[in-house]
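Please read the structure below before turning to the comments.
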């Protein structure tokens with residue numbers, strides 16, 4: 001199996017990388033670049049929201065900080081956003097460290113509303129700081145390349161960013177740190193009793209989940225080449241991050257990829273069919289339905305079906321051999337289902 | 001910006017009180033639901049704006065704004081009962097009930113807001129009537145009629161809920177649920193039925209809040225998120241279980257905003273409000289007026 005899977009995987013990765021240079025229409029290059037950006041954002045939202053259950057509604061603050069860092073860096077100091085992007089991440093980390101400690105003491109909706117207010121505050125601040133262009137925003141010079149190559153560059157950068165975020169989440173999920181986060185979601189007090197440094201772990205997750213949007217925001221600003229407080233600190237983007245992650249299944253590294261792909265591509269397609277406000281109505285309803293029917297998102301739902309089927313097959317197979325049926329087959333699915341409920345957000 | 005003179009200050013205080021009464025009306029329902037069910041209905045202000053649009057439509061059809069309440073209050077009451085019946089109750093028993101309820105209410109907020117954009121467009125609206133352009137002259141201060149009516153309505157809503165909770169048997173039962181759900185069940189209170197009533201009452205006040213909002217200031221669907229955070233600020237400042245504290249906090253916020261608005265550029269007002277909200281949440285999440293608690 002791995003003998004086949006490896007070359008196939010390499011081929012797929014190669015195709016993804018080469019895609020913009022294979023003569024694809026510019027619309028699709030742009031579309032996929034946007035998709036990767038959303039995967040990166042949804043994944044970074046899920047680092048905190050998916051694993052600890054602290055639902056931040058203010059991650060767009062970090063995105064906006066990155067965007068403004070890049071915009072000011074390029075328009076005032078003439079430094080390429082590709083160089084200032086890490087700086088955008090760094091500023092986001094600094095802000096996350098400042099607000100994270102006091103706000104992560106708040107649970108549930110209190111935390112959500114606090115982060116939402118911080119996003120508002122950032123928007124008001126940006127609208128009224130003349131160095132940041134105030135309400136007019138900032139115009140960024142575009143890349144000195146032909147349009148097709150420019151789009152190709154952004155495609156690759158967003159692809160790399162998405163890959164890095166997803167890879168980090170995947171590694172985190174299997175680490176001690178990831179387990180500590182899950183423990184916090186299950187029961188914060190119990191986690192603390194068992195020796196998880198709750199404050200430090202939450203802060204670390206918050207900082208990580210702030211760093212990536214800062215970087216992504218910087219690249220986005222360069223791509224879109226004009227930012228203002230309403231687009232850079234758009235509360236709607238916070239909603240999208242949450243929706244995409246929850247839809248695909250926050251708390252699984254693959255969840256935000258699936259969720260961002262489906263939600264983003266659906267919304268990009270629906271734009272042609274129905275008015276955009278109905279689009280949003282639909283996504284509100286989808287969020288409601290997902291929480292009702294698939295609280296672990298699509299990936300969790302499929303995984304649940306999969307384990308159920310596997311358990312079914314096992315019990316079918318063992319029923320022909322009645323001797324070890326009760327001992328070997330019955331307890332296993334029980335254990336797995338337990339693990340399943342534990343992963344629920 | 002202008003220099004601070006006495007008449008100007010007095011005018012600011014008065015319009016601050018008028019504005020504050022709207023804050024009180026919106027925070028009232030949010031606080032009631034929060035206090036009884038421990039649920040933050042983030043869509044509350046979206047429902048208030050829905051109430052404003054209902055009233056607007058009825059007023060445009062020639063109805064008196066106060067009469068429009070006879071339609072918008074029952075509609076929003078039913079919405080609240082439905083939310084309790086179909087959302088809150090079906091989430092109960094889940095491990096992450098609080099989280100999931102919040103997410104669903106969030107999804108409903110997004111849907112309701114954008115449905116409003118679809119039906120009524122994102123244009124800025126104001127509910128105006130024949131008498132809303134008239135001014136009341138009180139001791140040299142100019143009070144627009146619409147705002148006075150709005151103040152009266154908001155105060156009446158707060159008083160009604162206050163009297164309901166303190167003077168009626170049903171209201172006492174609701175308070176019993178708020179203070180100890182399990183004990184209330186043991187005392188023979190129908191927690192399920194009264195929770196529906198409480199949620200319904202909470203959203204019904206959003207109808208009144210919406211109308212008084214529409215008479216006082218312009219509105220559009222997207223503004224709801226600002227109002228809900230202001231209402232949340234009022235609750236955080238005034239304490240959840242304390243309706244009079246809530247009313248006081250709303251008036252203080254309204255006056256503070258208007259007075260600051262006289263001496264400083266408008267954005268400072270928002271800035272101060274958000275800093276206050278974030279600061280209070282971080283330092284004293286249980287509210288300023290409550291003595292102690294979890």
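The values are calculated or read from the model by the stated rules, or taken from the named source; none is laboratory data. In this text the structure is predicted, and so the values were computed from the model without any measurement. Note that each Cβ is placed from the backbone with ideal geometry, even for glycine, and that neighbours are counted across all protein chains shown.
The table below gives the values:
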item	result
Single residue of A:127, A:75, A:117 found to be farther than 30 Å from residue A:183 by Cα, within 13 Å of chain B (Cβ to nearest Cβ) and either more than 20 Å from the chain's Cα centre (by Cα) or modelled with pLDDT of 90 or more (or both)	A:127
The stretch B:9-58, subset on the phi < 0 side of the Ramachandran plot and not in a helix (DSSP H, G or I), residue nearest to the other protein chains (Cβ to nearest Cβ)	B:40
Among the residues listed as A:290, A:302, the single one being closer than 23 Å to residue A:185 by Cβ, away from chain B (no Cβ under 14 Å) and either in a loop (DSSP other than H, G, I, E, B) or at pLDDT 85 or above (or both)	A:302
Some residue of the stretch B:178-196 being buried (at least 19 other Cβ atoms within 10 Å of the Cβ), at pLDDT 90 or above and closer than 30 Å to residue B:19 by Cβ	no
Qualifying positions in the stretch A:126-149 - part of a helix (DSSP H, G or I) and surrounded by fewer than 18 Cβ atoms within 10 Å (Cβ to Cβ)	A:130, A:131, A:134, A:135, A:136, A:147, A:148, A:149
Breaking point among (1) within 14 Å of another protein chain (Cβ to nearest Cβ); (2) modelled with pLDDT under 90, for residue A:138	(1)
Answer from A:95, A:106, A:90 - the residue that is surrounded by 15 or more Cβ atoms within 10 Å (Cβ to Cβ) and within 12 Å of chain B (Cβ to nearest Cβ)	A:106
Filter pass, residue A:160 being within 13 Å of another protein chain (Cβ to nearest Cβ), in a helix (DSSP H, G or I) and touching a helix residue (DSSP H, G or I) at 6+ places or on another chain (Cβ under 9 Å)	no
Single residue of the stretch A:214-244 satisfying the filter (under 13 Å from the mean Cα position of the chain (by Cα) and within 11 Å of chain B (Cβ to nearest Cβ)) that is farthest from residue A:64 (Cα to Cα)	A:243
Unmet criterion (only one of (1) surrounded by 14 or more Cβ atoms within 10 Å (Cβ to Cβ); (2) free of Cβ contacts under 8 Å to residues at least 24 places away in the same chain) for residue B:168	(1)
Enumeration of residues in the stretch B:59-91 that are within 14 Å of chain A (Cβ to nearest Cβ), within 20 Å of the chain's Cα centre (by Cα) and surrounded by fewer than 19 Cβ atoms within 10 Å (Cβ to Cβ)	B:82
Number of positions in the stretch B:92-131 that are more than 8 Å from every other protein chain (Cβ to nearest Cβ), free of Cβ contacts under 8 Å to residues at least 60 places away in the same chain and either buried (at least 23 other Cβ atoms within 10 Å of the Cβ) or in a helix (DSSP H, G or I) (or both)	1
